[in-house]
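**Student:** Below: one structure in structure tokens.
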């Protein structure tokens, strides 16, 4: 009679441990891939921001041909001369820092100010 009232439903401890092990393996694979994709995305975003800033510099040069480029130089972000060319001044997504504007009398370009120097190929 005791067998009639006894239900044998549910999972055993071994079955639960196997499921936990499989989930752990999947997480161990997914986390490094996610970090790699995020880093790649941040790098591409930074490169895109550099191109955008260089485009703004080119527009400024076209509108101000008599002025010297070195007035744009800044190690603390976008100068007030260039600020009007952006809807929102971009920051490096890696460390949320401003971009530097490197300028001489003959040329000007943007550089990433983060510890991880992002550049883009010409």
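The values are calculated or read from the model by the stated rules, or taken from the named source; none is laboratory data. Nothing here was measured: the structure is a model prediction, and the numbers come from that model. Glycine gets a Cβ as well: all are built from the backbone with ideal geometry, and neighbour counts include every protein chain shown.
**Student:** Considering only residues of region 98-119 that are surrounded by fewer than 15 Cβ atoms within 10 Å (Cβ to Cβ) and either in contact with a helix residue (DSSP H, G or I) (Cβ under 6 Å, 6 or more places away or on another chain) or modelled with pLDDT of 80 or more (or both), which is farthest from residue 37 (Cα to Cα)?
**Tutor:** 105
**Student:** Something else: So which residues in region 6-38 are at pLDDT below 90 and surrounded by 10 or more Cβ atoms within 10 Å (Cβ to Cβ)?
**Tutor:** 11, the sole residue that qualifies.
**Student:** Separate question: Kindly indicate which of 87, 43, 96 is closer than 15 Å to residue 114 by Cβ and free of Cβ contacts under 8 Å to residues at least 40 places away in the same chain.
**Tutor:** The conditions single out 96.
**Student:** Given the condition part of a loop (DSSP other than H, G, I, E, B) and surrounded by 11 or more Cβ atoms within 10 Å (Cβ to Cβ), answer yes or no: does some residue in region 45-52 qualify?
**Tutor:** no
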